[in-house]
1. Could you tell me which residue of the stretch 85-125 is modelled with the lowest pLDDT, considering only residues that are in a loop (DSSP other than H, G, I, E, B) and among the hydroxyl-bearing types (Ser, Thr, Tyr)?
2. Does the stretch 139-147 contain at least one residue that is touching a Gly at 6+ places or on another chain (Cβ under 8 Å) and over 17 Å from residue 171 (Cβ atoms)?
3. Cβ-Cβ under 7 Å, sequence separation 6+ or interchain: first residue in the stretch 134-155 and in the same structural domain as residue 184 (by TED's automatic domain parsing) and modelled with pLDDT of 95 or more, partner outside any loop (DSSP other than H, G, I, E, B) and not aromatic (Phe, Trp, Tyr). Which pairs?
Amino acid sequence: MNRQYAIPCPCGWTTVHPEPKGPCANCKGDVKMSMAENEDSLLEELYAGMAKKMSIQQSQQPFNMVEPPKIDHAEAILTDSQKEQINKRNLRDVVCTDPKLGRKFDSDKLDYSLLPFDAIEEVIKVLMFGAKKYAPNNWKFVDDYERRYTNAAFRHLVAYKQGEIDDQETGISHLAHAVCCLLFLISKDGDAHGDN
């Protein structure tokens with residue numbers, strides 16, 4: 001069995017080394033290492049040392065010292081039945097019958113699950129093509145953006161209406177290109193009106 005040695009370096013680094021002394025892997029300083037049979041026993045050694053140190057510290061406390069109980073504020077407001085439901089081993093299997101548990105007030109927040117992500121992926125492909133051809137977010141700096149992106153959106157819609165499904169240059173749907181143009185207009189319009 002190959003012996004391994006553990007480094008207790010003052011820099012705080014611990015490493016495993018085949019020799020009983022050598023350079024620290026972190027600071028390169030010379031240190032002596034304590035012996036361990038392998039990495040598993042090294043961890044056991046470290047944990048045992050920590051446990052021993054903790055028990056020594058606890059035994060040095062005055063006999064009459066009593067630590068006040070810690071109160072978890074969330075736990076203090078729960079009923080016993082709520083605590084019982086929370087303490088079950090596998091929370092996925094808990095059938096919650098208490099209306100106070102499992103609530104989240106997000107009904108007025110944006111619901112991204114409504115997005116058709118397959119279509120959004122096509123739009124992202126157009127954005128990536130534009131970022132590669134020009135620069136990322138180049139559209140933010142285009143002069144006369146309203147006229148130019150409105151015209152671009154119409155060109156893509158007309159091409160689609162005339163039977164050309166994909167843009168000849170990119171091979172991506174004309175509709176995805178039109179959506180990009182409209183997204184640019186929405187974003188720039190929000191900027192112009194100070195919307196978030």
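1. 97
2. Going residue by residue through the stretch 139-147, those that are touching a Gly at 6+ places or on another chain (Cβ under 8 Å) are 139.
So of that shortlist, the ones also over 17 Å from residue 171 (Cβ atoms) come out as 139.
Scanning the stretch 139-147 turns up at least one residue that is touching a Gly at 6+ places or on another chain (Cβ under 8 Å) and over 17 Å from residue 171 (Cβ atoms).
3. 149/181; 149/185; 150/185; 152/181; 153/178; 153/181; 153/182
The values are calculated or read from the model by the stated rules, or taken from the named source; none is laboratory data. What you see is a predicted model; the values in this text were computed from it and never measured. For neighbour counting, all protein chains shown are included, and Cβ atoms are generated from backbone atoms with ideal geometry for every residue, glycine included.
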